[in-house]
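Chemist: Okay, here's the structure, questions in a sec.
We did not get these values from a lab; they are worked out from the coordinates using the rules stated. All values derive from a computational prediction rather than experimental measurement. Using ideal geometry, Cβ is built from the backbone for each residue, glycine included, and neighbour counts are taken over all protein chains shown.
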Amino acid sequence: MLGGPGHGPAILAGMDTDSFDTILENTWRQLRRATADETSALHRPVLATVDRNNEPDARTVILREIRRESRQLFVNTDRRSSKGDDLVLRPWGVFVFFDPESAVQLRILTEIRIHVEDEVTAEAWRKLPAKGRRRYLTAAAPGSPAPAPGAGVPGPDESVDDAAGYRHFATLEAVAIHLDWLHYAPEGPARAEFDWDEEGKVSARWLHP
Ligand SMILES: Cc1cc2nc3c(=O)[nH]c(=O)nc-3n(C[C@H](O)[C@H](O)[C@H](O)COP(=O)(O)O)c2cc1C
């Protein structure tokens, strides 16, 4: 259980968001649900990183898996993409989610580890349908110059070398360190932040929105 005030602002009363514990509980539950629900706004967060020139970068990604106990978020990517290299140098990323239905914005600062050809990628690859796997079969890296739009991704009827796609495949394992929760309610916003220490112990406080 979290310390600090047990109850949030009056605006949240009756909205099942009346304590830090409940906010966290709802957040992880909604994120986990979103992994399997393509229609959920939480299914496609923006992941912001810092590149090799110390400049910010951001892109849409698909949330593939959530492990609540270990505060892990999983995303698939092409190991040749620029963020792959950037994350080796600067292993932090911020996931930004906005769910219009609940009017909640989440900003989750994470420490990111890249998995390549290990048990984590094997499991993620197994879950990926053939269409998704084909995206990893471009001859050149994402972001490199192409002769034509969409060049390089094999069509659905072309026979492909599945193993070659897997060699380009990577999974990002992101562990939440800090969560900024903003309920952007029409009646007035409320905001809280959560921090996890090295032992995984969480602390929370309300913030002025
Ligand atoms: C709806 C949508 C979902 C996407 N999902 C992913 C994803 O899960 N992983 C990924 O690496 N790129 C994904 N992309 C592509 C990225 O936004 C980005 O263009 C690509 O990863 C190259 O970015 P980078 O040069 O920053 O590495 C997605 C794009 C869109 C529009």
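Chemist: Quick check: residue separation of residue 162 and residue 180 times 0.36 nm, minus the Cα distance between them. What number comes out in nm? Show your work: numbers first, answer last.
Modeler: On the way: separation 18, 0.36 × 18 = 6.48 nm, distance 3.96 nm.
Contour length minus the Cα-Cα distance gives 2.5 nm.
Chemist: Only Cα pairs within less than 10 Å get springs; with that Gaussian network setup on the chain, which residue of 138, 49, 110 has the largest fluctuation?
Modeler: 138
Chemist: Ranked by Cβ crowding within 10 angstrom, fewest neighbours first, how are 159, 40 ordered? Please report the intermediate quantities before stating the final value.
Modeler: On the way: 159 6, 40 17.
Ascending Cβ contact count within 10 Å gives the list 159, 40.
Chemist: When only Cα pairs under 8 Å and 6 or more residues apart are kept, what is the percent relative contact order across the range 16-161?
Modeler: 17
Chemist: What FRET efficiency comes out for the pair residue 36/residue 205, r = Cβ-Cβ distance, R0 = 35 Å, nearest 0.05? The partial results should precede the final answer.
Modeler: Numbers: r = 32 Å, r/R0 = 0.91.
Calculated transfer efficiency: 0.65.
Chemist: Okay, moving on. List 39, 22 from most exposed to least, where exposure is judged by having the fewest other Cβ atoms within 10 Å.
Modeler: On the way: 39 6, 22 17.
Arranged by neighbour count, lowest to highest, 39, 22 become 39, 22.
Chemist: I need the GluC sites (Glu not before Pro) found in the range 58-104, filtered to DSSP loop residues with at most 10 other beta carbons within 10 Å of theirs.
Modeler: Within the range 58-104, the qualifying GluC sites (Glu not before Pro) (loop, at most 10 other Cβ atoms within 10 Å) are 69, 101.
Chemist: Can you give the FRET efficiency for residue 88 and residue 131, using 1/(1 + (r/R0)^6), R0 = 30 Å, r = Cβ-Cβ distance, to the nearest 0.05? Numbers along the way, then the final one.
Modeler: Values: r = 28 Å, r/R0 = 0.95.
The pair residue 88/residue 131 has a calculated efficiency of 0.60.
Chemist: What shape does the range 149-203 take by its C-alpha gyration tensor, where a ≥ b ≥ c are the square roots of the eigenvalues and a/c under 1.5 counts as rounded, a/b above b/c as prolate, and the rest as oblate? Could the numbers behind the result be given before it?
Modeler: Working: a/c = 6.06, a/b = 2.05, b/c = 2.95.
Because a/c hits 1.5 or more and a/b fails to exceed b/c, the range 149-203 counts as oblate.
Chemist: Neighbouring Cβ atoms within 10 Å as the yardstick, rank 31, 128 fewest first.
Modeler: Working: 31 24, 128 17.
Starting with the residue having the fewest Cβ neighbours, the order is 128, 31.
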